[in-house]
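Input: a single structure, listed below in structure tokens.
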Number of protein chains: 2
Amino acid sequence: MAEKKSPTAAILIIGNEILSGRTKDLNGNYLAQKLLNSGIKVGEIRVVPDEKNEIVCALKSLKRKYTYVFTSGGIGPTHDDITADCVAEVFGVSLPINETAKKIIASHYPKEEEDLNEARLRMARIPKGASLIENRVSKAPGFHIDNVFVLAGVPKIFQAMVEFVIPKLRSSSPIISHTITIHKPEGEIAAALSDIAAKFPKVSIGSYPFEQEGSLGVNIVITDRDRRTIDVVAKLLSSI
Amino acid sequence: MAEKKSPTAAILIIGNEILSGRTKDLNGNYLAQKLLNSGIKVGEIRVVPDEKNEIVCALKSLKRKYTYVFTSGGIGPTHDDITADCVAEVFGVSLPINETAKKIIASHYPKEEEDLNEARLRMARIPKGASLIENRVSKAPGFHIDNVFVLAGVPKIFQAMVEFVIPKLRSSSPIISHTITIHKPEGEIAAALSDIAAKFPKVSIGSYPFEQEGSLGVNIVITDRDRRTIDVVAKLLSSI
């Protein structure tokens, strides 16, 4: 039952550049690690294009299913930056210029408000009821409404926003991973491994084969919130 | 209308190791590029855990929506390799030992069939009605049923299977990308960019800001199937 109450998360990466293979996504992996350290289990990472229907549809489904949803991308000044519009639609709220966001964005430019053309002002449109997420790299903030956290796609800015957001989440006992390397082919240890996994149905035991200088081995990754349980499983595994 | 008939694809990455941030996914990016070169537009990449419900649910939804679904991972010999079981459930077919697959797998081991223990034999379980996908790296095949292609998660094997599969897909005129670099801040060119994008609603025009040695710029990526359209848009963009 404790497991059921532990927070979960989905990461929604928004951007045609990832789906075309042009750009490698770095943000999903970065955030997944940070969340794990806070005891928040990532249940899904999803990459969708810069298309309103797709973003709205994914947001609706993920925000129902997970404690937290984090989005990456689509909050810049150009026509293809439509994440804020989509989030406002999902929550059925308006998308006005947020005066605090406007001041923060203006402070980034030499002539401040004078430099705020229409495009830059787009970045100050924040769904009604949302709170701002600090961006100490380039000022234009992200935002947070209900269980949805909207972050920038540029990795340096994304990471800064993650640092700001993590302490605000409901954390849980950290999820601990322990890796055991066995220098045998996966097919030889699979039966013994399966027996141990069956004895500990709540512990995640992953098997990742590798080849090193022509010889085969397996990394067994034991993941759980309880260090003692991990130790018991690890001891059993070391003897196979 | 031609656009509507062009093939689309989703990539489903199966594996706790990606969701924990322990392993970076390389397969989604690799396959996305290959598909783009064949004119197949990737509409979604989704990462789910090694859990039956999650895999079945994702497969059902993706196979309805896209021309092709490619899965990565979960077809090895261990207890956490459940992709074949999930695919069989989704298509409502049995999962017998496939005699051809069994022979192929046996050929990988020194004593052939004698070395096929129960775990290795798991890899010969292929949904009824599926055809095999060659694995020239470590023999154990993937498979293909209806519009779902089931590939291994180990990148070297995944890539070999992709090479085998690509020629069998219904390709289309390749999707061409053209990048224009503008050395101005994104916020300064956004309005002009937006006007051009509005004139070509069917052309994907992405704007990707960067910082290089302290100065700001934008890569504008124009994507379309028609080279002449790209040239027209590129010419307009170079003057902003």
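The values are calculated or read from the model by the stated rules, or taken from the named source; none is laboratory data. All values derive from a computational prediction rather than experimental measurement. Please note: Cβ atoms are built from the backbone with ideal geometry, for glycine as well, and neighbour counts cover all protein chains shown. Quick note on the areas: whole protein, heavy atoms, side chains included, nothing else; ligands and nucleic acids left out. Shrake-Rupley method; radii C 1.70, N 1.55, O 1.52, S 1.80 Å.
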Please report the relative contact order for chain A, taking Cα pairs under 8 Å with a sequence separation of at least 6, and give it as a percent rounded to a whole number. 18
Here is the link list: A:Lys5/A:Lys128; A:Lys202/B:Lys103; A:Lys102/B:Lys184. Which ones come out longer than 32 Å on Cα distance? A:Lys202/B:Lys103
Bin width 10 Å, alpha-carbon pairs only: give the P(r) of the protein assembly as shown as whole percents, running from 0 to the bin holding the largest distance. 4, 19, 27, 25, 16, 8, 2, 0
What is the percent carbon and sulfur in the accessible area of chain B, measuring with a 1.4 Å probe over the protein chains and ignoring ligands? 51
Which Cα, out of A:Tyr66, A:Gly187, A:Ile82, lies furthest along the positive dipole direction of chain A (beta carbon charges, K/R +1, D/E -1)? A:Tyr66
Selection from B:Phe91, A:Val221, B:His108, by position along the positive dipole direction of the protein assembly as shown (Cβ): B:Phe91
Rh_Kirkwood(the range A:1-94) over Cα pairs, Å, one decimal, evaluates to 14.0
In peptide B:191-198, what is the residue-averaged number of other protein chain Cβ atoms found within 10 Å of each Cβ? 3
Over all Cα pairs of chain B, how is the pair count split among 10 Å bins, expressed in % and running from 0 up to the last occupied bin? 7, 27, 27, 19, 12, 6, 1, 0
Dimensions of the range B:47-116 along principal axes (Cα, Å, largest first)? 44, 21, 19
Spelling it out for B:Tyr68: with amide H atoms placed in the peptide plane at 1.01 Å from N, the residues 5 or more places away or on another chain with amide H under 5 Å from its amide H are B:Thr8, B:Ala9, B:Ala10
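About its Cα centre, how strong a charge dipole does the protein assembly as shown have in debye, to the nearest 20, once Lys and Arg get +1 and Asp and Glu get -1 at the Cβ?
760
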Helix-only mean residue ellipticity at 222 nm, chain B, DSSP H runs n ≥ 4 weighted -39,500 (n - 2.57), per residue, nearest 500. What is it? -11000 deg cm²/dmol
Per residue, how much accessible surface does the protein assembly as shown expose to a 1.4 Å probe? Answer in Å², no decimals. 46
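Relative to 2.2 N^0.38 Å, what does the C-alpha radius of gyration of the range B:176-238 come to as a ratio? Two decimals please.
Numbers: Rg = 11.5 Å, N = 63, 2.2 N^0.38 = 10.6 Å.
For the range B:176-238, the normalised Cα radius of gyration is 1.09.
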